[in-house]
1. Being assigned to a loop (DSSP other than H, G, I, E, B) and charged (D, E, K, R) is the filter; apply it to the stretch 493-534 and report the residue that is surrounded by the fewest Cβ atoms within 10 Å (Cβ to Cβ).
2. If we keep just the residues of the stretch 315-346 that are in a helix (DSSP H, G or I) and in contact with a helix residue (DSSP H, G or I) (Cβ under 7 Å, 6 or more places away or on another chain), which is farthest from Pro252 (Cα to Cα)?
3. Given the criterion over 29 Å from Trp528 (Cα atoms) and crowded, with 20+ Cβ neighbours inside 10 Å, identify the matching residue among Leu103, Leu127.
4. Of the residues that make up the stretch 41-55, is at least one outside any loop (DSSP other than H, G, I, E, B), open to solvent by less than 40 Å² (accessible area, probe 1.4 Å) and in contact with an Asp or Glu (Cβ under 8 Å, 6 or more places away or on another chain)?
5. If you check every pair at least six apart or on different chains, which have Cβ atoms under 8 Å apart with a residue in the stretch 178-205 that is more than 23 Å from Val136 (Cα to Cα) and open to solvent by 30 Å² or more (accessible area, probe 1.4 Å) first and a residue that is among the charged types (D, E, K, R) and in a helix (DSSP H, G or I) second?
6. Are any residues in the stretch 222-249 exposed (fewer than 14 other Cβ atoms within 10 Å of the Cβ) and touching a Leu at 6+ places or on another chain (Cβ under 7 Å), and if so, which ones?
7. Mind checking which residues of the stretch 321-343 are surrounded by fewer than 21 Cβ atoms within 10 Å (Cβ to Cβ) and either touching a Phe, Trp or Tyr at 6+ places or on another chain (Cβ under 6 Å) or under 18 Å from Leu288 (Cα atoms) (or both)?
Amino acid sequence: MVEISADAVVVGGGLGGVAAALALLRAGRTVVLTEEHDWLGGQLTSQAVPPDEHSWVEKFGVTASYRALREGIRRYYRDHYPLTERARAQREFNPGAGHVSRLCHEPRVAVAVIEAMLAPYRGSGRLRVLQPYRPVGAEVDGDRVTSVRLAHRDTAEQVVLRAPYVLDATETGELLPLTGTEYVTGFEAQSETGEPSAPAEAQPLNMQAVSVCFAIDHVDGDHTIDRPASYDFWRAYEPPFWGDKLLSWRCPNPRTLAIMERSFTPNPDDHPQLVEADQRVNPGDANLWTFRRIAARRNFTEGAYASDITLVNWPMIDYLEGPVIDVPDAARHLEAARELSRSVFYWLQTEAPRADGGTGFPGLRLRGDVTGGADGLAQAAYIRESRRIRALCTVTEQDLSLAVRGDKGAVSYTDSVGIGMYRIDLHPSTGGDNYIDVACSPFEIPLGALIPRRMTNLLAAGKNIGTTHITNGAYRLHPVEWNAGEAAGALAAFCLDQATTPHAVREKETLLADFQQRLTRDGVELRWPDVSGY
């Protein structure tokens with residue numbers, strides 16, 4: 001069996017994993033980065049989710065390297081796409097003019113930019129990327145991980161990786177059970193966390209829905225797909241709190257839970273430069289076409305795009321029938337989630353009510369070429385909730401809830417290693433819960449949330465950090481995952497440089513100050529300016 005050694009192994013090539021690898025590489029370290037899907041970038045690329053970001057993202061509130069990613073995406077469009085002069089001149093150019101984000105874009109562009117950010121380190125030999133590989137085993141000596149074993153997704157060929165530090169940046173915290181690292185899933189009990197929105201008893205298998213996203217456009221002709229095998233099941237499916245069938249335009253408003261009706265108008269004659277993408281003002285989901293649009297045809301020269309392209313990550317594709325973590329039938333649920341998405345698309349083409357009184361949009365076309373999925377959908381399911389480490393510090397709802405904290409702002413942590421902002425945004429769950437949506441104060445990321453209580457050389461570098469089921473809803477978004485991964489990578493590099501341990505960095509005031517100074521030097525913001533939450 002092939003063995004590879006490096007200063008650090010980063011398992012999982014999503015946003016946290018890429019950021020962790022870059023931090024280690026900038027510090028002069030050698031890295032093996034692994035990813036089980038065809039694209040690096042996780043939720044931004046293989047899961048096809050445009051960035052969910054806070055209202056101040058263009059000014060502050062993200063790390064310098066995350067800003068470089070965003071600006072690289074815009075530069076790629078300016079360098080390679082036939083933009084109109086007005087779009088090209090727009091400083092805060094939004095390719096899709098989607099309402100969910102100030103930077104809605106095609107996933108493949110982010111892949112290109114991420115690859116470019118990593119390219120110099122690949123060329124120098126300090127970075128090795130193993131793709132598509134997934135973790136299948138690990139060796140542990142006491143409280144240390146000594147090796148991680150991975151298998152090729154397609155051939156089952158295996159490789160063993162060894163390093164002084166191992167970072168778990170997988171989408172579901174795959175290394176935690178493999179290494180015996182203590183972790184939690186689903187809802188914690190209110191008696192444990194004290195959170196206002198937590199249930200009385202722990203519900204470890206009650207997790208947020210996963211979603212299989214897909215991209216569509218609308219052109220001439222009939223592009224109706226074959227009727228999915230389980231279409232009749234999903235066509236009749238009605239969650240008890242939904243207010244209608246899942247396959248309908250009606251569903252709960254996440255913030256008020258009142259039943260609302262959304263609209264759907266392919267290729268509206270709107271002006272992309274006039275779209276205001278600010279979730280503080282408007283969540284932007286009233287018209288589903290423009291909500292997560294990733295290519296606005298009027299941003300490009302006439303005739304370049306026959307249609308807008310919009311990304312379907314809508315309430316109706318949330319899969320509620322079962323969790324995909326720590327259950328024996330996870331693969332069945334993941335395939336059923338894909339079947340739900342195919343059924344939603346078929347419903348859109350054949351039965352969805354139109355504003356003119358008719359039904360169905362046969363001109364809708366599935367754009368698997370945009371998402372890279374062999375079946376026309378995204379390559380991977382969008383995973384909102386991971387296994388989460390039992391951490392030295394666990395962030396709870398009362399640390400950031402605007403209702404609890406008021407004008408005091410979120411709790412400030414002595415060991416802050418970054419900042420983030422998003423409402424606590426929990427989608428309906430596999431246990432039958434409706435949305436939980438809580439206004440938040442701009443918050444910090446504590447170093448203690450990246451460090452397991454017991455393990456000494458394994459760090460959390462993604463959605464598996466020390467949050468609860470509740471606070472994961474705010475910490476799971478793109479820039480926060482990137483920041484957590486970047487901080488974890490920088491921490492591993494710092495520990496190697498100083499011949500110390502993550503626990504010691506948190507416990508010793510001088511080490512913590514030196515580490516935070518290094519983060520600040522590298523463009524990681526540790527504190528918020530005086531801004532109010534939403």
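1. Taking the stretch 493-534 first, the residues assigned to a loop (DSSP other than H, G, I, E, B) are 499-501, 508, 522-534.
This time we only want the ones that are charged (D, E, K, R), so: 508, 522, 525, 527, 530.
Working: Lys508: 13, Asp522: 17, Glu525: 19, Arg527: 12, Asp530: 6.
That would be Asp530.
2. From the stretch 315-346, those in a helix (DSSP H, G or I) are 315-317, 330-346; that's our starting set.
From what's left, in contact with a helix residue (DSSP H, G or I) (Cβ under 7 Å, 6 or more places away or on another chain): 316-317, 340-341, 343-344, 346.
Working: Met316: 11, Ile317: 14, Leu340: 19, Ser341: 19, Ser343: 20, Val344: 18, Tyr346: 22 Å.
Here the answer is Tyr346.
3. Details: Leu103 fails: over 29 Å from Trp528 (Cα atoms).
The unique qualifying residue is Leu127.
4. Of the residues in the stretch 41-55, the ones outside any loop (DSSP other than H, G, I, E, B) are 42-44.
Narrowing further to those that are open to solvent by less than 40 Å² (accessible area, probe 1.4 Å): 42-44.
Imposing the further condition that a residue be in contact with an Asp or Glu (Cβ under 8 Å, 6 or more places away or on another chain) reduces the set to 42-43.
Within the stretch 41-55, one or more residues are outside any loop (DSSP other than H, G, I, E, B), open to solvent by less than 40 Å² (accessible area, probe 1.4 Å) and in contact with an Asp or Glu (Cβ under 8 Å, 6 or more places away or on another chain).
5. Pairs found: Pro196/Glu397; Ser197/Glu397; Ala202/Glu192.
6. Glu238
7. Residues satisfying the conditions do not exist here.
To keep it simple, each residue is scored yes or no on (1) within 24 Å of Ser429 (Cα to Cα); (2) part of a helix (DSSP H, G or I); (3) of a type outside the set (A, V, I, L, M); (4) touching a residue at least 24 places away in the same chain (Cβ under 8 Å).
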| position | (1), (2), (3), (4) |
| --- | --- |
| Lys245 | yes, no, yes, no |
| Thr256 | yes, no, yes, no |
| Glu276 | no, no, yes, yes |
| Gln279 | yes, no, yes, yes |
| Ala304 | no, no, no, yes |
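The values are calculated or read from the model by the stated rules, or taken from the named source; none is laboratory data. Note that the structure is predicted; figures quoted are calculated from it, not measured. For neighbour counting, all protein chains shown are included, and Cβ atoms are generated from backbone atoms with ideal geometry for every residue, glycine included. When the accessible area is computed, the model is the full protein with side chains, heavy atoms only, and any ligands, DNA or RNA have been set aside. Shrake-Rupley method; radii C 1.70, N 1.55, O 1.52, S 1.80 Å.
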